[in-house]
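A.B. asks: Structure below; questions to follow.
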Amino acid sequence: MRRREPARARTAIEALSFRIYCRVVDNYGDAGVCWRLARQLVLEHGARVALVIDAPQVLAAIVPGARAGQRCEGVAIERWPGSARAPAEGEVVISAFGCDLPKPVRAALAAPRGAGGARATRPPLWVNLEYLSAQSWVEGCHGLASRKPDDGAVEHFFYPGFTDATGGLLRERGLLRAGALAPGAPEASPARRVSLFCYPQAPAGQLLEMIATGARPTTVLIPVGVAERAIAQIAGTPPPPGTAVTVGRLRIERFALLPQPQYDRLLRGCDLNFVRGEDSWVRAIWAARPFVWQPYLQEGDAHLAKLEAFLARFEAVAGPGPGEVAPMMRAWNGGAGLETAWPAFAEALDRCAPAFARFRGALAAGTDLATRLVEFCRVRL
């Protein structure tokens, strides 16, 4: 006769149910982060997940098969505001990056009810998945709960971060297994491969001009819609996807937006990656290749404080390395001196590479974000 599990044990292994709400502000980054999380919760934690997104066409550009009203890799894709149904008992409602929830959902969180209108015995859990930051205050805010004075709804703050006192970083199981990153590794070649993914404020035109007149042949891979003006300044009409143009030592290759796995391989196959926002930034970290990060532009230069916090964290984790990294990232983010920072950084690139590998290795020892989120929710449900 098979022994029945105690009710508590069954509850402990019960699959969680998530509804992730995403308003696209930073183009592909917001959608990319939410999709990676949703997919991982389904595939690795057996969760039931719906991704409610206000711009499903943006998601479809990087996730083939992602269509509103359908399932993709186990994730239900809904167009914002979706069904706007009240969250079920024990369900986790995630407001990605602090987005305002649809009014019916928000009202239900304030007064959760079960079947027949009775007060829910297991109220839904509201989690605000915040933006990634290396700033020190994140540790003190991660995990805090805030009861809204107007209606009593309780919001829990979940901050991604670089320490064990935060929510960690998105990382799929097995991503960093020995040999998993071998395909697409940079080959020994006199020509460098550089990927460029930046915001319009970046001095991309100046960078391309310096590469064109530099000493080393360099191929720069640029997706459609990125650095269009900079390309036009140096090469005329930007070449269409799948084609290239050469100016001096610079070869520009254009490509259409890639599905996430292909973009990840692209990062691993380059000698240097220019990345932005959050999603491509984290993937560049796991690629263990040198990168230059451009944070999302914020009022009052708040993004520069985020940059400085990251540079401090990078040095603390990777150890003192070549001093060309910080000046390059500052110059790329509106600081003066790109004309000196880039040649110095480019010359030191091979010497910088071990520091980026050490940084990846140290962060890989931590628990990934999806696992920490599941544990966070189980404790509070």
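A.B. asks: Got a sec? What order do Asp301, Asp164 fall in by accessible area at 1.4 Å, biggest, i.e. largest, first?
C.D. replies: Numbers: Asp301 90, Asp164 130 Å².
Largest to smallest exposure gives the sequence Asp164, Asp301.
A.B. asks: How far is the Cα center of segment 69-88 from the Cα center of segment 345-365, in Å?
C.D. replies: When both Cα centres are located, 40 Å separates them.
A.B. asks: I'd like to know which of Gln233, Gly65, Phe291 lies farthest towards the positive end of the charge dipole of the chain, counting +1 on Cβ of Lys and Arg and -1 on Cβ of Asp and Glu.
C.D. replies: Checking the options against the dipole of the chain, the answer is Gly65.
A.B. asks: Can you give the extra length, in nm with one decimal, that the chain gains between Leu144 and Arg229 once fully stretched, where that is 0.36 nm per residue apart less the Cα-Cα distance?
C.D. replies: 26.2 nm
A.B. asks: Using a 1.4 Å probe on the protein heavy atoms, what percent of the accessible area of the chain belongs to carbon and sulfur?
C.D. replies: On the way: 9110 of 17220 Å².
Its accessible area is 53 percent carbon and sulfur atoms.
A.B. asks: What nm value, rounded to one decimal, do you get for the distance between Leu43 and Asp301 when each label is placed 7 Å out toward the C-beta?
C.D. replies: 4.2
A.B. asks: Using a 1.4 Å probe on the protein heavy atoms only, what accessible surface does Glu339 show? Give it in Å² to the nearest 10.
C.D. replies: Roughly 110 Å² of Glu339 is accessible to a 1.4 Å probe.
A.B. asks: Just by accessible area at a 1.4 angstrom probe, what is the order of Val317, Val292 from largest to smallest?
C.D. replies: Numbers: Val317 45, Val292 0 Å².
The ordering from most to least exposed comes out as Val317, Val292.
A.B. asks: Mind putting a number on the dipole of the chain about its Cα centre? Charges go on the C-beta only, +1 for Lys and Arg and -1 for Asp and Glu, and I need it in Debye to the nearest 20.
C.D. replies: Details: 45 positive and 36 negative charges, 302 e Å.
My answer is approximately 1460 debye.
A.B. asks: If you don't mind, there's one more thing I want to ask. With every protein chain kept in the model, how would you rank Tyr28, Tyr199 by accessible area, 1.4 Å probe, largest at the top? Show your work: numbers first, answer last.
C.D. replies: Values: Tyr28 75, Tyr199 15 Å².
Sorted descending by solvent-accessible area, the residues read Tyr28, Tyr199.
A.B. asks: Moving to a separate point now. If you stretched the chain out fully between Leu257 and Glu73, how much longer would it get, using 0.36 nm times the residue separation minus the C-alpha to C-alpha distance?
C.D. replies: Working: separation 184, 0.36 × 184 = 66.24 nm, distance 1.98 nm.
Full-extension gain reported as 64.3 nm.
A.B. asks: What are the principal axis extents of the Cα atoms in segment 24-142, in Å, biggest first?
C.D. replies: Projected onto its principal axes, the Cα set of segment 24-142 covers 42, 40, 28 Å.
A.B. asks: Report, for the chain, the % of DSSP beta bridges that are antiparallel, rounded to 5.
C.D. replies: Numbers: 10 of 50 bridges.
Percentage antiparallel, nearest 5: 20.
A.B. asks: While we're here: Which values of log₁₀ I(q)/I(0), to two decimal places, follow from the Debye formula for the chain at q = 0.07, 0.08, 0.11 Å⁻¹ with a uniform point scatterer at every Cα?
C.D. replies: The Debye formula, applied to the Cα set alone, gives -0.35, -0.45, -0.81.
A.B. asks: Quick one: in segment 25-73, what % of C-alpha pairs are over 17 Å apart? Don't jump to the answer; show the numbers that get you there.
C.D. replies: On the way: 307 of 1176 pairs.
In whole percent, the long-distance tail amounts to 26.
A.B. asks: Same structure, new question: Modelling each spin label as a point 7 Å along the Cα-to-Cβ direction, I'd like the Leu175/Ala215 distance in nm, to one decimal.
C.D. replies: About 3.6 nm separates the two model spin labels.
A.B. asks: Whole number in Å², please: accessible area per residue of the chain, 1.4 Å probe, ligands, DNA and RNA not counted. Numbers along the way, then the final one.
C.D. replies: Numbers: 17220 Å² over 381 residues.
On a per-residue basis, 45 Å².
A.B. asks: Which residue, Asp151, Asp54, Asp264, has the most motion in a Gaussian network model of the chain that connects Cα atoms within less than 10 Å?
C.D. replies: With Cα springs under 10 Å in the chain, the top fluctuation among Asp151, Asp54, Asp264 is at Asp151.
A.B. asks: Something else: At 1.4 Å probe size, what's the solvent-accessible area of Ser17? Round to the nearest 10 Å².
C.D. replies: Using a 1.4 Å probe on the heavy atoms, I get roughly 20 Å².
A.B. asks: Quick one: Cα convex hull volume of segment 252-312, Å³ per residue? Before the final figure, lay out each step's value.
C.D. replies: Numbers: hull volume 6.2 nm³, N = 61.
Spelled out: Cα convex hull of segment 252-312, divided by residues, is 102 Å³.
A.B. asks: Stretch Thr340-Ala88 to full length: gain in nm at 0.36 nm per residue minus the Cα-Cα span? Working shown, then result.
C.D. replies: Numbers: separation 252, 0.36 × 252 = 90.72 nm, distance 5.75 nm.
Gain in length upon complete extension: 85.0 nm.
The values are calculated or read from the model by the stated rules, or taken from the named source; none is laboratory data. This structure is a prediction, so every number in the text was calculated from the model and none was measured. Using ideal geometry, Cβ is built from the backbone for each residue, glycine included, and neighbour counts are taken over all protein chains shown. Side chains included, ligands, DNA and RNA excluded: accessible areas come from the protein's heavy atoms. Shrake-Rupley method; radii C 1.70, N 1.55, O 1.52, S 1.80 Å.
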